[in-house]
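For reference, the structure is listed below as structure tokens.
The values are calculated or read from the model by the stated rules, or taken from the named source; none is laboratory data. None of the values given here were measured: they were computed from a predicted structure. Using ideal geometry, Cβ is built from the backbone for each residue, glycine included, and neighbour counts are taken over all protein chains shown. Just the protein is used for accessible areas: all its heavy atoms, side chains included, with ligands, DNA and RNA removed. Shrake-Rupley method; radii C 1.70, N 1.55, O 1.52, S 1.80 Å.
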Amino acid sequence: MSRLRNLTGILMAAGLAATAAVIAAPTAGAHTNGDHGRFTVVADHLNNPRGLSPAPGGGLYLAEAGSGGDPADCSAGGPEGESCPGLTGSFDLVTHHGVKRIVTGLISVSGAGGVAATGPVSVSRGPDGKFYGQFGLNTFGVPPADAIPPDRQYVRDAALAQLGHLWLVKSDGSAKDVSDVGDQDYIWTSTRTELAPNDFPDANPNAVLYSGGHRYVADAGANILTEVKKNGAVKVLAFFPVPANWESDSVATCVARGPDGALYVGELLGGFYTPGHARIWRVVPGHAPRVWATGLTTVQGCGFGKDGAFYATEFETNGLAEGPGANPAGDVVRIDKHGHRTHLGVGKLFYPSGFAAGSDGAIYVSNCSVAPATGLGPDLCPTGGQVVRLG
């Protein structure tokens, strides 16, 4: 099963009034470096840790995309390289006691060695002690049954049941399938190929947000923000275009609710692979999206802190690249209400991804987010994927 092009496939809320208070657009302002206090590893030896969300009692929900499957089951995966499917993904709870894997045995599709897996990609605290868990990709890329050996059909069945789906998970590990978001997004793009002729049809849900009783999903393949209705149907709230003469599409990667009630969506590329092209969009449902911040690079996670500032996790600060020449350096950029930017993760973060703001004012990031538990080598993420605390 081939991995669709986006961050996790290579190495690499409604009814708001238009007159709601608007956070000042931070397109200008000074840039400084800051360490934001301590850097603490909260958990490590994780398999491709991605989305984070605050959990009751001060813990964190975490999506682990897993480490793919048995190397013997890898197959050619097109331009992205080998595709190794397995059932190593999980949805977790991270506390000071350690990592509790609430749901295990979930679909995971990785590169060779468990690198850059996709599967469970995002989490968001839900109602009544539950949380939402989002899977990446969609089922249109799953091979037909006759292309899979009989003893591996169970992996194909899991892919069909999970890829692109949104689940509502209870603390005991039981889960309800809420929506096939990825498939609905894929169908939406298949009738609008003129919006991204080189990439559509495509769909790869990358982030879920539960806020104000609504479920929102940012899709990195379809370049859209959607709302998932009670019946599981998907409503497209915004499409994110790219400039003329673009090299890539937008690749919407994260969504957060701002203090003003609007939704803020970060993007990985913004049309170009080089640094400085990623944007943050402000979305008020029922109105056209507007660019709120520019000059960022490979945004993968985002959110607002207790201090009211906006935070963006930058996956690769030197621009998106893959292979031996890729620079793994990442960052977290803090943007205050005046537009002043502070770089918090310089020299500390490598391929960071998910973001969560703690009630204590600290921020949490999934670091080494494309690494399996065994790491990427002796000199890069040797203890595998991590959750780290800044501040």
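Structure data summary
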item: Pairs with Cβ under 9 Å, 6+ apart, first in region 45-57 and over 20 Å from PRO205 (Cα atoms), second of a type in the set (Asp, Glu) and at pLDDT 95 or above; result: LEU46/GLU64; LEU46/ASP92
item: Close pairs (7 angstrom Cβ cut-off, 6 or more residues apart or separate chains): surrounded by fewer than 16 Cβ atoms within 10 Å (Cβ to Cβ) in region 64-75, at pLDDT 85 or above anywhere; result: ASP70/GLY86; PRO71/CYS84; SER75/SER83
item: Residue pairs meeting the criteria (Cβ under 7 Å; at least 6 apart or on separate chains; first closer than 25 Å to VAL121 by Cα, in region 282-305; second acidic (Asp, Glu) and open to solvent by 30 Å² or more (accessible area, probe 1.4 Å)); result: none
item: Flag for GLY261 being more than 19 Å from VAL388 (Cα to Cα) and assigned to a loop (DSSP other than H, G, I, E, B); result: yes
item: Selected residue (only one of ASP92, ASP157 is at pLDDT 95 or above, assigned to a strand (DSSP E or B) and acidic (Asp, Glu)); result: ASP92
item: Selection status of THR317, part of a strand (DSSP E or B) and either open to solvent by 10 Å² or more (accessible area, probe 1.4 Å) or hydrophobic (A, V, I, L, M, F, W, C) (or both); result: no
item: Some residue of region 219-241 being surrounded by fewer than 24 Cβ atoms within 10 Å (Cβ to Cβ), more than 25 Å from GLY301 (Cβ to Cβ) and in contact with a helix residue (DSSP H, G or I) (Cβ under 7 Å, 6 or more places away or on another chain); result: no
item: Single unsatisfied condition, HIS36 versus (1) at pLDDT 95 or above; (2) out of contact with any Phe, Trp or Tyr (no Cβ under 9 Å at 6 or more places or on another chain); (3) under 27 Å from THR342 (Cβ atoms); result: (1)
item: Complete set of residues in region 259-276 that are in contact with a strand residue (DSSP E or B) (Cβ under 6 Å, 6 or more places away or on another chain) and either among the β-branched types (Val, Ile, Thr) or open to solvent by 10 Å² or more (accessible area, probe 1.4 Å) (or both); result: VAL265, GLY276
item: Selection status of VAL142, at pLDDT below 95, surrounded by 16 or more Cβ atoms within 10 Å (Cβ to Cβ) and within 24 Å of THR226 (Cα to Cα); result: yes
item: Top-ranked residue of region 167-210 - restricted to ones that are assigned to a helix (DSSP H, G or I) and touching a strand residue (DSSP E or B) at 6+ places or on another chain (Cβ under 7 Å), ranked as surrounded by the fewest Cβ atoms within 10 Å (Cβ to Cβ); result: LEU195
